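**Student:** Before I ask anything, here is the structure I am working with.
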């Protein structure tokens, strides 16, 4: 037993520690990738690596200087990365196991959703998008998956209506009080309108894209939701997932992509 504990302490736990550190570093990099904070992040990582080397090869003067910088630098990093830290906590909260609807449905802990509500009427939704696209009516839909969108749902008006082309048309009609902002779709229900979404700060986004597209990218960077955008300028239809925007060239491909995403 003592040998097993020694092996675990000397080999297994350090390996797990290294893997967890690498995973944490990866997600931290992913969080700041494409933003102005990426250079600061990389600089701090480089300093930390140099400090680790100086500790390893016993260089006390340089090690003490860099160690002091890192200890003070952590406070500075909280100030510099306050937006990124806020995003990370927001993502963590929206990904919490208590917000995972698949788990809740599976174990029937808090609510039950009927089959009609759980499955989107894709044909009806596509029909609405075709009408908006034809009329060059700008629109933004956020389709909720596993991560809860409650943290943005409260920024607009709560709704509870079944997806239908006339309803969607009326929401995004230019003189409608509900047309400004995004619509949240949960299952086969529209559960929110006039929703204010976080705008992506990714510097690699095409500068020609407007706020509607940047908002679609922003919400899909932070959650597993997918967004559908219709451009007011040219009527082009786009699907956004994981912060990546792809233009849809045909209704057939749009339908297949939606059905694939929604299972």
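**Student:** Only residues that are surrounded by fewer than 19 Cβ atoms within 10 Å (Cβ to Cβ) and touching a helix residue (DSSP H, G or I) at 6+ places or on another chain (Cβ under 9 Å): list them for region 127-136, please.
**Tutor:** If we filter region 127-136 for residues that are surrounded by fewer than 19 Cβ atoms within 10 Å (Cβ to Cβ), which is where we start, we get 127, 130-131, 134-136.
The answer is 127, 130, 131, 135.
**Student:** Sticking with this structure for a sec: Failed condition for residue 161, given (1) part of a strand (DSSP E or B); (2) in contact with a helix residue (DSSP H, G or I) (Cβ under 6 Å, 6 or more places away or on another chain); (3) under 25 Å from residue 234 (Cβ atoms), with all others met?
**Tutor:** (3)
**Student:** Check residue 166 against each of (1) surrounded by 16 or more Cβ atoms within 10 Å (Cβ to Cβ); (2) at pLDDT 90 or above and name the one condition it does not meet.
**Tutor:** (1)
**Student:** So is residue 150 farther than 20 Å from residue 258 by Cβ, touching a strand residue (DSSP E or B) at 6+ places or on another chain (Cβ under 7 Å) and modelled with pLDDT under 90 or not? It would help to see each step written out before you state the result.
**Tutor:** Working: farther than 20 Å from residue 258 by Cβ: yes; touching a strand residue (DSSP E or B) at 6+ places or on another chain (Cβ under 7 Å): no; modelled with pLDDT under 90: yes.
So residue 150 does not fit the description; no.
**Student:** Could you list, in sequence order, the residues of region 172-186 that are surrounded by fewer than 21 Cβ atoms within 10 Å (Cβ to Cβ) and at pLDDT 90 or above?
**Tutor:** none
The values are calculated or read from the model by the stated rules, or taken from the named source; none is laboratory data. All values derive from a computational prediction rather than experimental measurement. Counting neighbours? That spans all protein chains shown, and the Cβs are built from the backbone with ideal geometry, glycine included.
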